[in-house]
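The structure appears below as structure tokens.
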Amino acid sequence: MSSTKKTIRVVAAVIRDGDRIFATARGYGEYKGWWEFPGGKIEAGETPEEALVREIREELETEIEVGDFIQKIEYDYPEFHLSMDCFWATVKSGHLELKEAEDAKWLTVDTLYDVKWLPADEELIEAIKLILAKQQLLSEVKNYIEQHFLPEDLCCESAPFILSDLIATHEEDAEEPVAYCGHPTDGEPETPKLMLEFSAVKSSSLGRSPKKPAGAPRRLDDLIDQLDETFSQRLLRLIRERDLIEAEVYKRAYVDRRHFSKIKNDPDYTPNKKTAIAFAIALELSLDETKDLLGAAGYALSRSSKFDVIIMYFLENQIYDLFEINDVLFHFEQPIFE
């Protein structure tokens with residue numbers, strides 16, 4: 001920023017309608033036909049929010065509700081320095097009638113770069129895309145929690161997934177009938193005992209189709225051979241099989257070298273559940289593989305835990321960025337990885 005240039009303070013409204021963003025094409029001057037977010041100068045005695053309401057009323061004959069502050073853009077044009085406060089906004093009344101602009105469009109995240117932006121406004125695009133992407137992610141996680149979270153009294157706990165995996169894959173080939181438990185009624189088979197130990201209630205019982213496990217199919221012989229692995233043994237095997245460097249894995253899991261050495265050198269050492277999950281994320285395991293790794297430590301993912309359900313969402317969608325996961329956990333007031 002040059003101290004010799006005049007600074008002009010303006011405001012801009014990023015007007016939203018669902019996932020659409022309103023933009024206008026300038027109808028005058030050097031940048032005629034270039035696209036911008038509507039707004040204008042802040043007059044003496046006005047707050048940025050007051051100026052924005054006035055400018056939109058004058059330019060578009062529309063009343064808006066000014067929302068959250070997005071960011072301040074500082075940009076040097078050849079003749080002046082622009083300082084632009086940018087806010088989210090929604091329409092309260094009016095039809096966004098063009099009084100000064102020559103054109104207008106509703107854009108989405110995917111079409112934001114389909115127009116030629118004024119240089120200062122273009123600097124806002126990436127911030128908008130990041131915010132909208134985060135809001136979409138939070139909405140998806142919220143919906144996932146609503147669909148998958150179960151109160152403790154409705155949620156079956158908590159044997160390792162590998163047991164149910166064996167049943168789901170091979171029950172139809174069994175020569176002997178599966179043992180049942182509980183209180184069977186005449187003519188109605190009860191739930192298999194091992195299935196009751198599975199930490200997550202089957203999706204079909206909630207009226208949804210069960211999802212296919214991610215990752216390559218796992219052989220029954222391999223699963224049986226791995227039943228007796230401790231957490232340490234399974235973790236080290238997974239690192240070897242993926243040709244990964246141990247230091248990269250434990251750093252990705254937010255685990256220090258001393259703690260990892262304890263896990264590595266003591267086959268019977270069991271970390272806490274959150275650390276075990278962090279290793280699963282660092283290794284980019286599928287949901288099934290994660291349940292197996294947790295099972296080796298005596299843990300299971302539970303649908304009565306919002307933390308666990310959020311982790312299930314990220315594993316199912318193969319999102320392994322711990323910073324992004326922490327951001328979502330914090331939003332839903334769950335403990336974070338640190």
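Observations on the model:
- The set of residues in the range 112-128 being open to solvent by 60 Å² or more (accessible area, probe 1.4 Å) and part of a helix (DSSP H, G or I) consists of Y113, D114, E122, E123, E126.
- Qualifying residue in the range 282-290 (condition: surrounded by 22 or more Cβ atoms within 10 Å (Cβ to Cβ), in a loop (DSSP other than H, G, I, E, B) and either touching a helix residue (DSSP H, G or I) at 6+ places or on another chain (Cβ under 6 Å) or at pLDDT 95 or above (or both)): yes
- Test: residue in the range 246-258 that is open to solvent by 10 Å² or more (accessible area, probe 1.4 Å), in contact with a strand residue (DSSP E or B) (Cβ under 8 Å, 6 or more places away or on another chain) and of a type in the set (G, A, S): no
Every residue, every condition in (1) surrounded by fewer than 21 Cβ atoms within 10 Å (Cβ to Cβ); (2) in contact (Cβ under 8 Å) with a residue 12 or more places away in the chain, yes or no:
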| position | (1), (2) |
| --- | --- |
| D266 | yes, yes |
| A296 | no, yes |
| F314 | no, yes |
| E333 | yes, no |
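- Residue selected from the range 10-32 under the condition touching a strand residue (DSSP E or B) at 6+ places or on another chain (Cβ under 9 Å) and surrounded by fewer than 12 Cβ atoms within 10 Å (Cβ to Cβ), by the criterion nearest to F87 (Cα to Cα): D17
- Here the condition is being of a type in the set (G, A, S), assigned to a loop (DSSP other than H, G, I, E, B) and touching a residue at least 24 places away in the same chain (Cβ under 8 Å); of G40, G33, G45, G29, it holds for G33 alone.
- For Y250, the test of being under 18 Å from Y320 (Cα atoms) and not in a helix (DSSP H, G or I) is failed.
- D228 being assigned to a loop (DSSP other than H, G, I, E, B) and modelled with pLDDT under 95: yes
- When residues of the range 91-111 are limited to those that are surrounded by 15 or more Cβ atoms within 10 Å (Cβ to Cβ) and part of a strand (DSSP E or B), the one nearest to the chain's Cα centre (by Cα): L107
- Residue among E61, E46 that alone is closer than 15 Å to F22 by Cα and touching a Lys or Arg at 6+ places or on another chain (Cβ under 8 Å): E61
- Among the residues listed as A300, A296, the single one being touching a helix residue (DSSP H, G or I) at 6+ places or on another chain (Cβ under 8 Å), aliphatic (A, V, I, L, M) and under 19 Å from I145 (Cβ atoms): A300
- Among residues of the range 60-87, those that are open to solvent by 30 Å² or more (accessible area, probe 1.4 Å) and either within 17 Å of I131 (Cα to Cα) or not aromatic (F, W, Y) (or both), counted: 13
- Cβ pairs under 7 Å, 6+ apart, first in the range 130-141 and open to solvent by less than 50 Å² (accessible area, probe 1.4 Å), second hydrophobic (A, V, I, L, M, F, W, C) and in a helix (DSSP H, G or I): L132/V109; L137/V328; L138/V328; V141/I310; V141/V328
The values are calculated or read from the model by the stated rules, or taken from the named source; none is laboratory data. Just so it is clear, the structure is predicted and the values come from calculations on it, not from any experiment. Ideal geometry is used to build each Cβ from the backbone, glycine not excepted, and the neighbour counts take in all protein chains shown. For the accessible areas, the whole protein counts, side chains as well, though only heavy atoms, and no ligand, DNA or RNA atoms are used. Shrake-Rupley method; radii C 1.70, N 1.55, O 1.52, S 1.80 Å.
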